[in-house]
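Only one structure is covered here, and it is reproduced in the block below.
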Amino acid sequence: MGDRFAMDRLAAPPRARRAPKKAVRELGWAAFGEVARALAAKVAESYRPSVVVGIAKGGVFVGGALAAALGADFYPVRIEK
């Protein structure tokens, strides 16, 4: 769920305006970068990947950020039924 202004501006349907059933932590880009760098540091403590694969529909942003922080190649993957 986005902020109220965005939801109003986009004329989102009522079902999209409801709070999610599970807790969601919204991050700004700066906080996202910090979290991604912290995760990359944890990964780098025990493993040095040469490639990071990001699954489309959410994993591309995280995968790209991790790959950049780890100095690894990045490959996005899109899976369809």
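The values are calculated or read from the model by the stated rules, or taken from the named source; none is laboratory data. Predicted model only: the values in this text are computed from it and were never measured. Virtual Cβ from ideal backbone geometry, glycine too; neighbours counted across all protein chains shown. Note: accessible area is taken over every heavy atom of the protein model, side chains too, but ligands, DNA and RNA are not part of it. Shrake-Rupley method; radii C 1.70, N 1.55, O 1.52, S 1.80 Å.
Check whether at least one residue in region 23-33 is modelled with pLDDT of 95 or more, under 12 Å from the mean Cα position of the chain (by Cα) and surrounded by 12 or more Cβ atoms within 10 Å (Cβ to Cβ), and report yes or no. Please lay out each step first, then the result.
At the first step, the residues of region 23-33 found to be modelled with pLDDT of 95 or more are none.
So far as region 23-33 goes, no, none of its residues is modelled with pLDDT of 95 or more, under 12 Å from the mean Cα position of the chain (by Cα) and surrounded by 12 or more Cβ atoms within 10 Å (Cβ to Cβ).
For (1) outside any helix (DSSP H, G or I); (2) open to solvent by 40 Å² or more (accessible area, probe 1.4 Å), each residue gets a yes or a no:
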| residue | (1), (2) |
| --- | --- |
| ARG37 | no, yes |
| LYS42 | no, yes |
| GLU45 | no, yes |
| PRO49 | yes, no |
| VAL53 | yes, yes |
| GLY63 | no, no |
| ALA68 | no, yes |
| PRO76 | yes, yes |
| GLU80 | yes, yes |
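Scan region 3-22 residue by residue and report those that are within 28 Å of VAL53 (Cβ to Cβ) and either modelled with pLDDT of 65 or more or surrounded by 10 or more Cβ atoms within 10 Å (Cβ to Cβ) (or both).
Going residue by residue through region 3-22, those that are within 28 Å of VAL53 (Cβ to Cβ) are 20, 22.
Once the filter is applied, which keeps residues that are within 28 Å of VAL53 (Cβ to Cβ) and either modelled with pLDDT of 65 or more or surrounded by 10 or more Cβ atoms within 10 Å (Cβ to Cβ) (or both), region 3-22 yields only LYS22.
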